[in-house]
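Notes follow once the structure below has been shown.
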Amino acid sequence: MVKGRFTAAEKEMKLLFNYIIFPGFLFSAVIGLISGWVDRKVTARVQWRVGPPWYQNFIDIIKLLGKEIIVPQGSKITFLLSPLFGLLSAVLVATILGNAFISPLEGFIGDIIVVLYLLVIPAISIIIGAFSSRNCLASVGASREMKLILAYELPFILAIIVVLIKSAGALQIGSIINYQINFGSHLSSPSGALAFIVAMLCIQAKLDFVPFDMSEAEQEIMGGTLIEYSGLPLAIFKLTKAILLYTLPLLLISLFWANEIGVWALIGKYILLLVIIVLVKNTNPRMRIDQTIKFFWGPVTVVVTIALILALFGL
Amino acid sequence: MGLKTKALTKSLWVFHLCAGGSCNNCDIEILDLLTPRFDVERFGIVLVGSARHADVLLVTGSLTRKAAPRARRVYEQMPKPGLVVACGACALGRGIFNEGYNTPCRLDELMPVDVYIPGCPPKPEAMIAGIAKLINKVKGQK
């Protein structure tokens, strides 16, 4: 049998393997939890502390699995189901992205659009879960999260359109990567660099990191959207965030910086982006939600529009 | 010792409850635990914002008439297995408010307390010693 050709059953098994083990759920969860440790460790070092051991996030998840699950009055089914939907879509994004890196030509046309849609679902699941808990602080957090989505989605999509224009209209993550392997990374051009900066700001907001973490501000609204969650659903939300922490920098690498995609190059680029995100997180105060919307719809959108115009002129 | 118990001892999330009558000095000393000198995040201990996320309820201050039923309610909101630590003389036995008309009861008349940390205020070293005792208690050792 020629290599690369499978029967239908084998193909299904391969898809299932991709989704559950590599590069889907298991792999992305492990990498995400270790990146969560990098986050905590770098934070601790910035504050001149020692920080937790590398397996700390795994222990946290195992501990949460053994805790009581308290379901508040309100819509119980949505309360318990919404974390699951967030996790499933985050894993799907991780799978599509990982497959695009492993075999760039095997994707389907338009997977970048699918990824864009799937990346919103974790945030929406957090909103639905928070509202169904009937807690007033959770409602405040959820309304902030909604405004945050409205704020960052516009510049994020524009930044991705810059990439699509620059890679000759390719609508497939694999072909965007191929384009960059052949013609150099988008990051080295002026429009690509501008769009990259904007996209970094947007994923900072997507990850709910400071300065854009007003939806779960621990000091003012006590955990905000996650306030009523305990036990298993909380563990699922933590896992979803961990997987997003792995997926979003990888998405940026695939879109902007994929001139070299060997394993070690990928690891180095990923750690570099992660540390930049964590340093931004640690050196900024939390912004109010109105400031955030003004920031994203004002200066950030202007910058990404300039990048768009530069890209149309071929710079 | 099962995996769950072991995980619980290695990752204690603390909800800090200041129950009414208190001079806030214990609270200041608790914050010292998070500073570079003591850094209890090395052992997986973090402060969390919601009682639903907590494994340990750390109570300071003597319970006032208004605060006592609410403290009990916070304890009931914490998912089990949950532990309670009383920190400072006020939480242990009402402290200088012992004969006050407004401080009806001690903390352990209201909820089961696992570890008592005496002192007014207790030093951060004493609190770390208390946490070590708490972990040993969870493990089932003396």
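Key figures for this structure:
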quantity: Over the protein assembly as shown: helical MRE at 222 nm, DSSP H runs n ≥ 4 each giving -39500 (n - 2.57), nearest 500; calculated: -19000 deg cm²/dmol
quantity: Cα-projected label distance for A:L150 with B:I96, points at 7 Å along beta-carbon direction, nm; calculated: 5.2
quantity: Choice from A:L97, A:L255, A:L279 with maximal GNM fluctuation in chain A (Cα, 10 Å cutoff); calculated: A:L279
quantity: For segment A:280-296, 3J(HN,Hα) per residue [Karplus equation, 6.51 cos²θ - 1.76 cosθ + 1.60, θ = phi - 60°, Hz, x = Gly/Pro]; calculated: 4, 4, 8, 10, 10, x, 6, 8, 6, 5, 5, 4, 5, 5, 4, 5, 6
quantity: Among A:S103, A:S167, A:S215, residue whose mean-square fluctuation peaks in a GNM of chain A (springs only between Cα atoms under 10 Å); calculated: A:S103
quantity: Inter-probe distance in nm under a simple model that places probes 7 Å from Cα toward Cβ, at A:T78 and B:K80; calculated: 3.1
quantity: Cα gyration tensor shape for the protein assembly as shown, rounded if a/c is under 1.5, else prolate or oblate; calculated: prolate
quantity: Estimated FRET transfer efficiency (B:R42, A:L26; beta-carbon r; R0 30 Å; 0.05); calculated: 0.60
quantity: Which listed pairs, of A:K206/A:K238; A:K67/B:K139; A:K76/B:K6; A:K67/A:K269, have C-alpha distances above 26 Å, in listed order; calculated: A:K76/B:K6; A:K67/A:K269
quantity: Environment charge of A:I289, counting only residues whose C-beta is closer than 14 Å and scoring Lys/Arg +1, Asp/Glu -1; calculated: -1
quantity: Shielding by other protein chains, A:57-64, mean Cβ within 10 Å; calculated: 6
quantity: Label-point separation in nm, A:R286 to B:K123, each point 7 Å along Cα→Cβ; calculated: 3.4
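No value in this document is a laboratory result; all are computed from the given coordinates. What you see is a predicted model, and the numbers here were worked out from it, not measured in a lab. Cβ atoms come from the backbone with ideal geometry, glycine included; neighbour counts cover every protein chain shown.
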